[in-house]
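For reference, the structure discussed in these notes is given below.
What follows draws every value from the coordinates through simple rules; no lab data is involved. Here the structure is a predicted model, which is why all the values come from computation and not from measurement. Neighbour counts are summed over all protein chains in view; Cβ atoms, including those assigned to glycine, are modelled from backbone coordinates with ideal geometry.
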Amino acid sequence: MLTAFSAHPEHFSDALRLNIGDDLSEQGWSQQNLFLSEELTLALAAECQALMGSGALKLAGVGRGDVQAVRPEIRGDQIVWLKAGQSIACDRYLQIMEELRVALNRTLYLGLEEYESHFAFYSPGASYLKHLDRFRDDDCRTISVVIYLNHEWLLEEGGALRLHPEGKSTEDISPSGSRLVLFLSADMLHEVLPATRDRLSLAGWFRRRPG
Ligand code: OGA
Ligand code: MN
């Protein structure tokens with residue numbers, strides 16, 4: 001098992017950086033268990049729960065701009081975008097993702113420039129039908145990233161992320177706490193299967209410069 005950090009917690013280990021890079025270039029996706037510490041995962045989960053309780057999360061839309069519509073039968077998660085400075089836990093998470101951005105650029109030369117991220121909360125039964133994360137009018141999203149915040153998730157509770165790699169069999173990834181999944185936003189069709197309990201995550205995208 002590779003850990004996210006070497007002796008210096010500020011730096012990704014070369015092994016992890018190269019492992020993610022190989023996965024992405026060979027199969028278009030990568031899974032890293034125990035990517036965040038349990039402590040940070042719990043703090044982020046508590047923050048997501050509290051934001052949900054205060055009504056800050058809203059049903060996400062599908063489509064973009066003028067044609068955006070809430071269609072819970074297509075996409076059933078409730079979300080709130082992260083802002084720098086909102087909490088110590090979120091700032092720590094954003095700092096880790098910044099380090100990951102730099103590490104990926106050293107390995108894959110994708111010119112990733114920005115990161116955007118939201119909390120996502122799927123109530124029992126909510127799902128997100130098969131889709132791509134890249135929009136027709138915005139091709140800047142390059143790598144999709146999901147970190148799961150669910151303590152002791154059981155396989156039978158459902159809620160898998162189902163990847164559909166082209167020409168290969170599907171891959172189901174259970175949303176266990178601290179697990180990181182990355183995939184190529186333009187190519188990887190994927191869906192979120194319904195669960196029998198609340199399913200919490202942080203979804204994000206590394207973006208490159210437009211044009
Ligand atoms: C998304 C998405 C996957 C997941 O937010 O676009 O596909 O496992 N999320 O939560
Ligand atoms: Mn998606």
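Tabulated data
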item: Efficiency of FRET between Ile88 and Leu129 - r from beta-carbon atoms, R0 41 angstrom, step 0.05; result: 0.70
item: Mean Kyte hydropathy of 0.0 or more with a Cα span along the axis of at least 18 Å, helices from DSSP in the chain; result: 38-53, 88-108
item: Distance cut-off 23 Å, percentage of C-alpha pairs in the stretch 79-172 lying past it; result: 41 percent
item: Net charge of neighbours whose Cβ lies under 12 Å from the Cβ of Ala45, counting Lys and Arg as +1 and Asp and Glu as -1; result: -4
item: Cβ-placed point charges (K, R +1; D, E -1), dipole of the stretch 121-161 about Cα centre in debye, nearest 20; result: 180 debye
item: Charge dipole (debye, nearest 20) of the stretch 145-211; +1 at Cβ of Lys and Arg, -1 at Cβ of Asp and Glu; result: 440 debye
item: Selection from Tyr115, Leu40, Ser176 lying farthest towards where the dipole of the chain points positive, charges on Cβ; result: Tyr115
item: Most mobile of Val192, Val146, Val67 in a GNM of the chain (Cα contacts under 10 Å); result: Val67
item: Candidate lysines for bridging to Lys168, where Cα separation is under 28 Å - those fewer than 8 sequence places away on the same chain excluded; result: Lys130
item: Per residue convex hull volume, Cα atoms of the stretch 13-152, in Å³; result: 142 Å³
